[in-house]
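Q: One structure coming up, written as structure tokens, with questions to follow.
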Amino acid sequence: MITGLHLENLAIRRGERLLFAGLCLDLGASEALALTGANGAGKTSLLRAIAGLIAPHEGCVRFAGAKGDLEPEDARSSGIHLLGHQDGLKSAGTAWDELLFQVRWTGGSEASARAACRLLDLERLLGLEVRKLSAGQRRRLALARLVASPRALWLLDEPMAPLDSERRHLFGHLMGEHLAAGGMIIAAVHDPLPIPVRRLDLVFS
Amino acid sequence: MFQALANPQRFMAFSRWAAPLLAVIAAGLLSWGLWLSFSAPEDYQQGATVRLMFIHVPAAYMAMFCYACLGAASLMGLVFRHVLADAAARACAPLGAGFTALALITGMLWGRPMWGTWWVWDARVTSVLVLFLFYIGYMALQAAIDDETRATRASGILALVGLINLPIVKFSVDWWNTLHQPASVFRKGGPSLPPEFLWPLGVMALAYMALFGALWLVRIRAEVWRKRAQSLALQAAG
Amino acid sequence: MSMTGLDYAKYAIFIWPAVAVTAAVLAWMVTDSLLRARYWQKKVQALEAERARPGAKPAP
Amino acid sequence: MSGLWILFRRELGQTWGRGGGPVLALTFFACVATLLPLAVGASPARLGSVAPGAAWLALALASLLSLERLFERDFEDGTLDLLALGPAPLEAVALAKGLAQWLANGAPLALLAPVVAVALGAGLSLVPMIFISALIGGLGLSFTGGIGAALSLGSRRGGVLIAVIVLPLFAPPVIFGAGVIDAYASGLDWRPALGFLSAYSLAALALGPLAMAAACRNALS
């Protein structure tokens, strides 16, 4: 399990553009970080670099475990949830089938998927095809996978955007529980998160 | 030398005199080769058409040689992620496609008097045609992806896949040829070629090679400048 | 058959087009490469002159 | 391992159900076979001589059809991100996808191939050999084609591009596949051709996932 994240002197390039350089960051267990910054500042790129989808131009990403550093591949294959604008839910599948696949693929079980659906008030929607869900319902379905399969580091890109205030409150509560259990959260946000967080503001270099 | 040239600045300084030098060598070899080609005696079987060999066979060599260069540059680009290797791969493909097209066209013009037909589905011809399609696919892939880094890497992977696949294509086509055309009409040159033919062939092959070297350097220079212009334009905008 | 070998009788129709095609393709490769290089070199020079102009934004 | 099995079953279901599944490719196969007599004439002698080859050509074309969907949808809707962060490396993901593509697309096509060949005038004795060669060759076609599908991710005009990239790569399996049937029909030794075809398919099975994974990583980056 990941108990710490260290970014060392990280620089990321997209095409010809250097988004940022010299980024150093340490995140420990039970800590949350809110990434802010203008559009194009590199919030999504930073999340994807931590997830290993983008190779950093300079510097490195390290994951700490209980007994020293973890292999990045191992840490990523069993310790990271990445939820971006694309949620990977196939619009033709039923909500339950899609969620169950995502949960099992990321290491959860059918029982934990059921429990997550109860928590997020999704039970009535499970028989519907994903394309029939509203944006808010669909986002709740995507969030269910975070709750259902326990992974320490949540990388979230605008997780709250389509949710109404009541659900935001609920999700804030779930994030709080994740942190209390020793998890970590990095979220790219425009609005403040309903939990105590550190802030990192990315500015154009 | 490789290490030294990996630095773009040093490469630019080197290619600044190397490219013209190679061009001069190419021009000299080309004139010599052409003179040799046209003063060579006629072949007792092929007659005057033997002269077509001197411009056709080197083009076919170059078609394969360029692919080897493309594959090597792509491998370096993928492994070391070096800008110059990427530039070299990009610069190589159009030249390779040009030589391959040349080999096909002059091959057709040679085939008509030799075999009495413009096109023969001979093993060698078919392999070169597949090679040509490969170059086209490589350039099409590169052109179709907007992000340049990604396009270069994707086409680099394709070049490596092709490098593994082309010998298989060659083998399969040879095998297919023995199945369908037991007796080859192709009177191949090779060691049995008399020296009066070997000389023009060799000189022309060297001339093509030098020309390719010069043009490759020029095109890599163009790629380096293009990259530089792009980053300058971006700096000016931001 | 003369030593200069320019009387190819019935094969001239194949040999000369082949030579012409070769010349055309090689010439295209040469001009395209040179024009490309010159175009981008000019472009770089123009952009660098722009940047070096007094009062222009300094490079980051 | 169980994660990979789940993925494989899902991919199988997706390939089977996605956009009509194999029905579209099968119909395309039948259409090409129908056009052939219209193009070259219906004389049994002429058709019979090209039937095995034509069946193989149509097979190669038909197996191109569903390739565009192999990675493109997953790439666009974010599934590929999820797959990259799962318990198995992308190479294994590509392997599962390729196998599912083969079973859900290649196998039905292999079942139809003898029917098409017989309709075009091939002898009934060829039926088992056509099925076997199409099934084995289909494995190679799926994995080679998958490389093209992964490489063209994020490009404009995916479908045509895949065809242009992949069809030159299809030369060996088409040669060996049609060669098997040809040799068998004319009473020659067909085992070398079948051996070459199997070797090609196995090589594609082994190397294809590496190239597909590299291409997917490149597209995601």
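Just so you know, all these numbers are worked out from the coordinates, no wet-lab data involved. Note that the structure is a prediction, hence the values are computed from the model and not measured. Cβ sites come from the backbone with ideal geometry, for glycine too, and all protein chains shown count toward neighbours.
Q: Select from D:ALA119, A:GLY59, D:GLY195 the residue farthest towards the positive end of the dipole of the protein assembly as shown; place +1 on Cβ of Lys and Arg, -1 on Cβ of Asp and Glu, and compute about the Cα centre.
A: Result: A:GLY59, furthest along the dipole toward the positive end.
Q: Okay, moving on. Which of A:LEU25, A:LEU83, A:LEU141 moves most in a GNM of chain A, Cα contacts under 10 Å?
A: With Cα springs under 10 Å in chain A, the top fluctuation among A:LEU25, A:LEU83, A:LEU141 is at A:LEU25.
Q: Simple spin-label model, 7 Å along Cα-to-Cβ: B:ALA6 to B:VAL24 in nm?
A: Taking the simple label geometry, B:ALA6 and B:VAL24 are separated by 3.2 nm.
Q: May I pose another question? Pick from D:ALA206, D:ALA163, D:ALA60: which is most flexible by mean-square fluctuation in a GNM of chain D where alpha carbon atoms under 10 Å apart are linked?
A: Result for chain D, Cα springs under 10 Å: D:ALA206 fluctuates most.
Q: Would you mind classifying the range D:2-220 by shape? Square roots of the alpha carbon gyration tensor eigenvalues, ordered a ≥ b ≥ c; an a/c under 1.5 is rounded, otherwise it is prolate if a/b is larger than b/c and oblate if not.
A: Since a/c reaches 1.5 and a/b is larger than b/c, the shape of the range D:2-220 is classed as prolate.
Q: Let me ask something additional. Does the range A:45-91 come out rounded, prolate or oblate by the C-alpha gyration tensor, with a ≥ b ≥ c the root eigenvalues, rounded set by a/c under 1.5 and, if not, prolate when a/b is larger than b/c and oblate if not?
A: Oblate.
Q: At 222 nm, what helix-only mean residue ellipticity would the protein assembly as shown give, in deg cm²/dmol to the nearest 500, using -39500 (n - 2.57) for each DSSP H run of four or more?
A: Mean residue ellipticity, 222 nm, calculated: -23000 deg cm²/dmol.
Q: Note down the net charge around A:ALA161, summing +1 for each Lys or Arg and -1 for each Asp or Glu among other residues with Cβ under 14 Å from its Cβ.
A: Cβ neighbours under 14 Å give a net charge of +1.
Q: Next question. If the only charges are +1 at each Lys and Arg Cβ and -1 at each Asp and Glu Cβ, what is the size of the charge dipole of chain D around the Cα centre, to the nearest 20 debye?
A: That gives chain D a dipole magnitude of about 140 debye.
Q: Specify the angular offset, from 0 to 90 degrees and rounded to the nearest 10, of the alpha carbon long axis of helix A:110-119 from the longest principal axis of the alpha carbons in chain A.
A: Helix A:110-119 sits at roughly 90 degrees to that axis.
Q: How high is the FRET efficiency between A:ASP191 and C:ALA12 when r is their beta carbon distance and R₀ equals 60 Å, given to the nearest 0.05?
A: Plugging the Cβ-Cβ distance into 1/(1 + (r/R0)^6) gives 0.15.
Q: Would you be so kind as to identify which of B:CYS92, B:LEU232, B:ALA207 lies farthest towards the positive end of the dipole of chain B, taking Lys and Arg as +1 and Asp and Glu as -1 on Cβ and the Cα centre as origin?
A: Farthest along the dipole direction, towards plus: B:LEU232.
Q: Something else about it: Going 7 Å from the Cα of D:SER2 along its beta-carbon direction, which residues of the range A:77-118 have the amide nitrogen within less than 14 Å of the resulting point?
A: Hits in the range A:77-118 for D:SER2 at 14 Å: A:101, A:103-113.
Q: For A:GLU166 paired with D:ALA206, estimate the spin-label separation in nm (one decimal), with each label point 7 Å from Cα along the Cα-to-Cβ line.
A: Calculated label separation equals 6.0 nm.
Q: Skipping prolines and chain starts, which residues have an amide H placed within reach, meaning under 5 Å, of the one on A:THR3, given they are 5 or more residues away or on another chain?
A: When sequence neighbours closer than 5 places are left aside, the close amide H contacts are A:ALA64, A:GLY65, A:ALA66.
Q: Looking at the square roots a ≥ b ≥ c of the eigenvalues of the Cα gyration tensor of the protein assembly as shown, which shape do they give, rounded for a/c under 1.5, prolate if a/b is larger than b/c, or oblate?
A: Verdict is oblate for the protein assembly as shown.
Q: Name the residues whose placed amide hydrogens come within less than 5 Å of the amide hydrogen of A:ALA188, ignoring near sequence neighbours (fewer than 5 apart) on the same chain.
A: A:LEU35, A:LEU156, A:ASP157, A:GLU158
Q: Stretch A:ASN39-A:LEU25 to full length: gain in nm at 0.36 nm per residue minus the Cα-Cα span?
A: Answer, rounded to one decimal: 2.9 nm.
Q: Note down the magnitude of the dipole of the protein assembly as shown about its Cα centre, charges +1 on Lys and Arg C-beta and -1 on Asp and Glu C-beta and zero elsewhere, to the nearest 20 debye.
A: Charge dipole, the protein assembly as shown, about its Cα centre: 1060 debye, nearest 20.
Q: Short version: ³J(HN,Hα) in whole Hz for each residue of the range D:174-180, in order, from phi by Karplus 6.51 cos²θ - 1.76 cosθ + 1.60 (θ = phi - 60°), x for Gly and Pro, what are they?
A: 5, 4, 5, x, 5, x, 4
Q: Out of D:LEU35, D:LEU153, D:LEU210, any idea which swings most in a Gaussian network model of chain D, alpha carbons joined below 10 Å?
A: Result: D:LEU35 has the largest fluctuation of those listed.
Q: Measure nothing fancy, just the Cα-based angle from helix D:127-151's long axis to the longest principal axis of chain D, in degrees from 0 to 90, nearest 10.
A: Around 30 degrees separate the two axes.
Q: Additional query: Work through the residues other than A:LEU18 whose Cβ is under 15 Å from its Cβ and net out their charges, Lys, Arg +1 and Asp, Glu -1.
A: +2
Q: A follow-up question, please. Helix D:90-101 versus the longest principal axis of chain D: what is the Cα-based angle in degrees, 0 to 90, to the nearest 10?
A: 40 degrees
Q: Here's a follow-up. Could you run the Karplus curve 6.51 cos²θ - 1.76 cosθ + 1.60 with θ = phi - 60° over the range A:92-100 and give me ³J(HN,Hα) per residue in whole Hz, x for Gly and Pro?
A: 7, x, 7, 3, 5, 4, 5, 5, 4
Q: On average, how many beta carbons from a partner chain sit within 10 Å of the beta carbon of a residue in B:50-59?
A: So the per-residue partner count for this stretch is 3.
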